[in-house]
Every structure is written in C-alpha cells, then in structure tokens.
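Take a look at the structure below.
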Amino acid sequence: MGRCYPHLSLEERRKLAKWREAKMPVPEMADRLGRAPSTIYRELKRNYYHDKELPELNGYHALNAQDMYECRRAIHRKMIMHPELKAAVEDRL
C-alpha cells in the first residue's frame, strides 16, 4: 500500500503560525508535526500573505493560509466553479 499524505489542518496551520512567530526552525516544526521539512517549507512559501499597502501585515497567518488553501481546492470543483451546472443538478434531484 502506498503512503498517505493528508493535507494540513487548520489546527496544524495555527501551530505553524505560532512557531513561526517564535522563530522556531523549520526542521523542528516538521518533527513536532510529524511531517517532512519540505512540506513545511512549501506551506510557508505557498501561503505567505503579502500586502503592498500595509507591509507590517506581511507574514504567515493560519486563517489566511486556510482560506488560500480552500480557494485553491475549490478551483477544481465543478459545482463551485459552474453555478449553472449546480442548479441543473439540483433541479434534477
């Protein structure tokens, strides 16, 4: 049987944000979560928040990271991307 790589949960993202703020090294974060360091590096890079108008808000924030994750996941869901398809399916049910 192959390996299972589950997505990070909101609770794990909250821990990452807290540890990131405390300037904990990424390999230690990975050990504590039981994840590969590359997973943590990718998570921090992919979900880093950038704000040009208020640069003091830049950084990794758990709720923003979760929201970005959910938006990326929604892109591949037909019923979310095509509301007319969703309405047609619901009408048939």
Item to check | Criterion: on the phi < 0 side of the Ramachandran plot, open to solvent by 30 Å² or more (accessible area, probe 1.4 Å), part of a loop (DSSP other than H, G, I, E, B) and not aromatic (Phe, Trp, Tyr) - qualifying residue of ASP51, ASP67 | outcome: ASP51
Checklist entry - Mind checking whether some residue in the range 21-30 is surrounded by fewer than 14 Cβ atoms within 10 Å (Cβ to Cβ), of a type in the set (D, E, K, R) and under 18 Å from ASP67 (Cβ atoms)? => result no
Checklist outcome for this item: If you go through ASP31, ASP67, the only one that is over 14 Å from the mean Cα position of the chain (by Cα), of a type in the set (D, E, K, R) and either closer than 30 Å to MET81 by Cα or at pLDDT 90 or above (or both) is ASP31
Checklist entry - In this structure, does ARG35 turn out to be open to solvent by 80 Å² or more (accessible area, probe 1.4 Å) and either in contact (Cβ under 8 Å) with a residue 40 or more places away in the chain or out of contact with any Pro (no Cβ under 6 Å at 6 or more places or on another chain) (or both)? => result no
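The values are calculated or read from the model by the stated rules, or taken from the named source; none is laboratory data. None of the values given here were measured: they were computed from a predicted structure. Using ideal geometry, Cβ is built from the backbone for each residue, glycine included, and neighbour counts are taken over all protein chains shown. For accessibility, only protein heavy atoms count, side chains too; no ligands or nucleic acids. Shrake-Rupley method; radii C 1.70, N 1.55, O 1.52, S 1.80 Å.
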